[in-house]
Amino acid sequence: MLLLPILGDQLSPSLASLCGAPRSGSVLFMAEVMDEARYVPHHKQKLALVFSAMRHFAEERRAEGWQVDYRRLDDPNNLGSLDSEIRAAAARHGASHIRMTEAGEHRVRALQATIEGATILEDDRFLVSPAAFTAWRGLRKRLRLEDFYRWQRRETGILMEGDTPVGGQWNFDAENRKPLPPGLVPPPPPRFAPDAITREVIAMVEARFPKNFGTLARFHWPVTRSEALAALADFTRHRLPHYGDYQDALAHGEETLFHALLSPALNLGLLTPRELIDVALAALSAGSAPLNAVEGFIRQILGWREYVRLIYLAEGPEYLRANMLGATRPLPAIYWQGESGMACFDAAFTQTRDLAYAHHIQRLMVLGNFALLAGVDPHALHHWFLIVYADAYEWVEAPNVIGMSQWADGGLLGSKPYAASGAYIARQGNHCRHCRFDVKAKTGEGACPFNRLYWDFIARNEPHFASNPRMGRILESWRRFPPARKTEVRADAARFLATLA
Ligand code: FAD
Ligand code: DLZ
């Protein structure tokens with residue numbers, strides 16, 4: 001008897017450990033366990049999504065003829081942890097062998113390593129293997145997404161004509177920074193009505209995790225592969241054509257813009273990254289989406305998603321403790337309660353609470369940027385980001401927060417901190433017109449808090465940025481401030497920071 005344990009984010013019929021396994025003579029084993037539900041107090045929608053998708057996956061495999069042993073969270077005999085459940089299942093079924101696919105997170109990999117005699121296979125649902133990355137990284141002095149991405153474009157031939165990028169350019173970033181024009185209304189993403197399985201899970205989550213962050217009333221995530229494929233088709237048809245143009249936009253009253261909302265399904269394994277790339281390429285060939293949109297989208301999948309995972313795996317668990325700028329402020333209460341008065345922040349907060357989703361620019365340039373400027377402890381922010389999003393798994397969340405957003409790794413992942421004043425937020429959209437703070441004012445109570453904090457952040461971290469060529473111009477500007485203005489700016493930032501609970 002072969003035991004095949006499947007983790008909650010390994011919901012892919014093509015999973016390495018399932019491939020080639022005999023249907024008769026194998027038991028597929030899945031367990032909902034408190035240790036995974038509680039290692040951080042996940043958003044209620046994340047819990048409902050993972051458990052519902054797990055239950056649907058088990059039902060589908062049963063229908064295909066697999067023998068499935070599924071342990072529910074509310075089973076009175078539930079042992080509470082993955083490793084103890086796997087050991088008990090092996091004994092119950094008299095398994096002669098256990099075969100698993102490697103977990104995404106260091107924490108769960110360590111658990112897998114304790115299971116005696118189990119075979120652990122590499123997770124091949126990604127496009128680049130850790131071994132290929134290590135060889136490529138070699139003795140390179142610097143790691144940069146752009147180098148990694150070009151390497152992968154060449155390796156895979158995606159968007160290539162021979163050795164030249166399609167369209168003559170590797171990226172179309174310069175075209176992809178438009179604010180949403182008045183009158184253009186982004187088509188809403190599809191909403192998947194909860195079926196009986198999902199409704200049962202939602203009731204369980206409400207009953208057992210009543211104090212967790214977030215609301216469940218607007219739970220509309222795809223929970224099966226067929227729903228995920230429908231979500232992908234809807235994105236390709238209705239939003240991909242404008243994805244590039246408005247990739248960096250912020251718009252008041254628009255929660256999702258032209259984004260894909262596919263990360264929860266993708267990270268669970270309901271879709272594969274190659275499928276996303278292939279539909280985008282097909283849209284380009286069919287002339288239904290322009291090159292700047294297709295390239296912009298593919299860069300996120302083939303570039304960023306792969307790159308952050310490989311850095312997470314290569315750098316090990318210590319990466320999570322990186323704190324290059326020595327930031328120590330506890331996470332401000334506005335991250336749990338909203339009501340900051342900043343229109344951009346409160347919009348991102350509200351949809352995080354109600355959808356377990358915020359788009360990239362909200363995560364990076366609003367929620368992340370505010371914490372960076374305020375000097376929030378990057379580990380505390382990492383903990384928050386791991387809790388609040390439906391797509392949050394440490395392998396993708398941590399490098400985005402610690403590296404990209406907080407520059408806590410000192411520039412390993414990104415060449416310069418994503419720090420910006422209110423001018424950036426005003427340029428990318430119309431939140432500032434709905435805000436009680438004045439984005440044009442630099443200091444004083446009514447001034448935009450991003451402005452009040454920006455120069456203080458630069459001044460505070462001057463020694464860290466001194467040798468960074470990409471920060472040279474900003475440091476020069478700060479150095480040219482008259483001394484009295486410097487004192488005023490820093491005192492004003494201190495006054496604002498003192499108001500943060
Ligand atoms: P789209 O904008 O439509 O992008 C398409 C796809 O590209 C996404 O589904 C995602 O799979 C991939 N992608 C885009 N950007 C990134 C990126 N920087 N890293 C990895 N994949 C990317 N993504 C997660 O999946 N889980 C997280 O926990 C997570 N935390 C983040 C925290 C911070 C501070 C930041 C700045 C980014 C984070 N991201 C995370 C990356 C990105 O914001 C989300 O993948 C994206 O917002 C998901 O929404 P979407 O599917 O609509 O994305
Ligand atoms: C995220 C999650 C949750 C909430 N619950 C479970 C669970 O009960 N059982 C399970 O197998 N997986 C769960 N997961 C996903 C795991 O945490 C996931 O496999 C790791 O994050 C990847 O290393």
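The values are calculated or read from the model by the stated rules, or taken from the named source; none is laboratory data. Bear in mind the structure is a predicted one, so any value in this text is a computation, not a measurement. Here the Cβ positions follow ideal geometry from the backbone for every residue, glycine too, while neighbour counts run over all protein chains shown. Keep in mind that these areas ignore ligands, DNA and RNA; they rest on the heavy atoms of the full protein, side chains included. Shrake-Rupley method; radii C 1.70, N 1.55, O 1.52, S 1.80 Å.
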Selected residue (criterion: farthest from ligand 2 (Cβ to nearest atom)) from residues of the range 384-394 that are out of contact with any His (no Cβ under 7 Å at 6 or more places or on another chain) and assigned to a helix (DSSP H, G or I): Trp384
Given the conditions (1) more than 13 Å from ligand 2 (Cβ to nearest atom); (2) under 26 Å from Asn212 (Cα atoms); (3) in contact with a helix residue (DSSP H, G or I) (Cβ under 6 Å, 6 or more places away or on another chain), and given that Pro76 satisfies all but one, which numbered condition is not satisfied? (3)
Out of the residues in the range 135-164 that are of a type in the set (Gly, Ala, Ser) and open to solvent by less than 60 Å² (accessible area, probe 1.4 Å), state the one that is modelled with the lowest pLDDT. Gly138
Go through (1) buried (at least 17 other Cβ atoms within 10 Å of the Cβ); (2) in contact with an Asp or Glu (Cβ under 7 Å, 6 or more places away or on another chain) for Asn369 and report which single condition fails. (2)
So which residues in the range 18-30 are open to solvent by 10 Å² or more (accessible area, probe 1.4 Å) and small (Gly, Ala, Ser), if there are any at all? Gly20, Ala21, Ser24, Gly25
Regarding the range 292-315, can at least one residue be identified that is part of a loop (DSSP other than H, G, I, E, B) and open to solvent by less than 20 Å² (accessible area, probe 1.4 Å)? no
Okay, helices (runs of 4 or more DSSP H) sitting entirely in the range 329-383 with 1 or more residues that are closer than 14 Å to Gly422 by Cα and within 21 Å of the chain's Cα centre (by Cα), I get 343-355, 369-374
Subset of the range 165-179 (residues that are assigned to a loop (DSSP other than H, G, I, E, B), modelled with pLDDT of 95 or more and either open to solvent by 40 Å² or more (accessible area, probe 1.4 Å) or closer than 30 Å to Ser226 by Cα (or both)): Gln169
Go through (1) crowded, with 18+ Cβ neighbours inside 10 Å; (2) more than 30 Å from Gly104 (Cα to Cα); (3) not aliphatic (A, V, I, L, M) and name the single condition Gly253 misses. (1)
Quickly run through the range 382-394 and pick out the residues that are open to solvent by 10 Å² or more (accessible area, probe 1.4 Å) and out of contact with any Leu (no Cβ under 7 Å at 6 or more places or on another chain). His383, Phe385, Asp391, Tyr393
The range 1-28, residues that are assigned to a loop (DSSP other than H, G, I, E, B) and away from ligand 2 (no atom under 16 Å from the Cβ): Met1, Pro13, Ser14, Cys19, Gly20, Ala21, Pro22, Arg23, Ser24, Gly25
Go through (1) outside any helix (DSSP H, G or I); (2) over 18 Å from Gly368 (Cβ atoms) one by one and return the number of the condition Arg473 breaks. (1)
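Just need a number here: residues in the range 391-407 that are among the hydrophobic types (A, V, I, L, M, F, W, C) and within 8 Å of ligand 1 (Cβ to nearest atom).
Of the residues in the range 391-407, 4 are among the hydrophobic types (A, V, I, L, M, F, W, C) and within 8 Å of ligand 1 (Cβ to nearest atom).
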How many of the residues in the range 442-470 are within 20 Å of Gly422 (Cα to Cα), part of a loop (DSSP other than H, G, I, E, B) and open to solvent by less than 30 Å² (accessible area, probe 1.4 Å)? 3
Can you find a residue in the range 241-257 that is within 25 Å of Asp9 (Cβ to Cβ) and aliphatic (A, V, I, L, M)? no
Taking interchain pairs and intrachain pairs at least six residues apart, which have beta carbon atoms under 7 angstrom, with the first residue in the range 485-498 and assigned by TED's automatic domain parsing to the domain that holds Ala459 and modelled with pLDDT of 95 or more and the second assigned to a helix (DSSP H, G or I) and open to solvent by 40 Å² or more (accessible area, probe 1.4 Å)? Val489/Trp455
